[in-house]
Amino acid sequence: MSKPTIRFDKPTDWPRIEAMFHAAFGSDAEFQLLQRLREDGDLGFLLTAENDGDVVGAAAFSELPIDGPEAIVRAAALAPIGVAPEQQAGGVGAALIRAGLAQCRKKGFEAVIVLGYPTYYRRFGFSAAAAEHIEAPWSGPNLMAVALDDETPPLVGVARYPAAFSVEVKRES
Ligand SMILES: CC(C)(COP(=O)(O)OP(=O)(O)OC[C@H]1O[C@@H](n2cnc3c(N)ncnc32)[C@H](O)[C@@H]1OP(=O)(O)O)[C@@H](O)C(=O)NCCC(=O)NCCS
């Protein structure tokens with residue numbers, strides 16, 4: 001499998017992303033979340049992975065302030081992320097996540113939050129320990145965070161998820 005090109009989305013990618021998310025998740029919920037984020041103006045940025053001219057993965061990042069007693073941490077939510085079934089386990093997800101974290105750092109985010117598989121996200125620096133003082137509609141080992149900077153204050157406070165997440169709350173990426 002060739003190495004995917006990671007880039008920002010183009011409008012013409014969206015029908016392919018819809019079909020790809022449907023195949024990856026077996027549901028329309030993730031694409032609906034993505035659409036709602038975009039409609040609400042809450043989609044920070046969307047990265048796509050392209051292989052041989054085809055969109056084979058996508059990862060969305062949106063503003064998720066952590067509203068604490070002492071500071072508001074500028075965090076980003078990573079969700080949804082999906083890879084075409086026939087391309088899974090070939091490094092596409094990892095390439096999207098690594099590029100997304102770099103882009104978040106560039107855009108001044110201090111941390112990234114994800115709800116997903118601990119064994120997978122640990123390799124990118126995410127941990128449940130870093131998220132344990134975040135108040136979110138979800139908690140437990142699948143809620144993970146990674147600080148992007150040595151100066152990032154402790155992640156303590158209420159996670160202000162964009163409204164799109166209140167429609168589809170229970171998810172794993
Ligand atoms: C999760 C996902 C984004 C990862 O992207 P990817 O390109 O397949 O993964 P990568 O090639 O970067 O990494 C492969 C690793 O991911 C792990 N992984 C993939 N899916 C996983 C899962 N469901 N649980 C735990 N680990 C998983 C693989 O075991 C593999 O681990 P290894 O490197 O230790 O062998 C992708 O598999 C996907 O879109 N899956 C479908 C969505 C999904 O999981 N749906 C379930 C909904 S609950």
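Here are some notes:
- In the chain, the calculated helix contribution to ellipticity at 222 nm averages -7500 deg cm²/dmol per residue, counting -39,500 (n - 2.57) for every DSSP H run with n ≥ 4.
- The accessible surface of the range 5-163, taken with every protein chain in place and a 1.4 Å probe, is 49 percent carbon and sulfur.
- Within the straight-line cut-off of under 13 Å between alpha carbons, the aspartates and glutamates reachable from LYS106 are ASP149, sequence neighbours fewer than 8 places apart in one chain being disregarded.
- Annotation: ASP42 carries an accessible surface of approximately 50 Å², with a 1.4 Å probe and no ligand, DNA or RNA atoms counted.
- The aspartates and glutamates whose alpha-carbon is closer than 15 Å to the alpha-carbon of LYS3, local same-chain residues fewer than 8 away aside, are GLU50, ASP52, ASP54, GLU86.
- DSSP bridge orientation in the chain - percent antiparallel, rounded to nearest 5: 85
- The range 62-151, accessible area per residue, ligands and nucleic acids excluded (1.4 Å, Å²): 47
- Nearest-ten-degree value, helix 92-106 long axis tilted from longest Cα axis of the chain: 50
- Overall form of the chain per C-alpha gyration tensor (a/c, 1.5; a/b vs b/c): prolate
The values are calculated or read from the model by the stated rules, or taken from the named source; none is laboratory data. What you are looking at is a predicted structure, and each value in this text was computed from that prediction instead of being measured. With ligands, DNA and RNA removed, areas are computed over all heavy atoms of the protein, side chains included. Shrake-Rupley method; radii C 1.70, N 1.55, O 1.52, S 1.80 Å.
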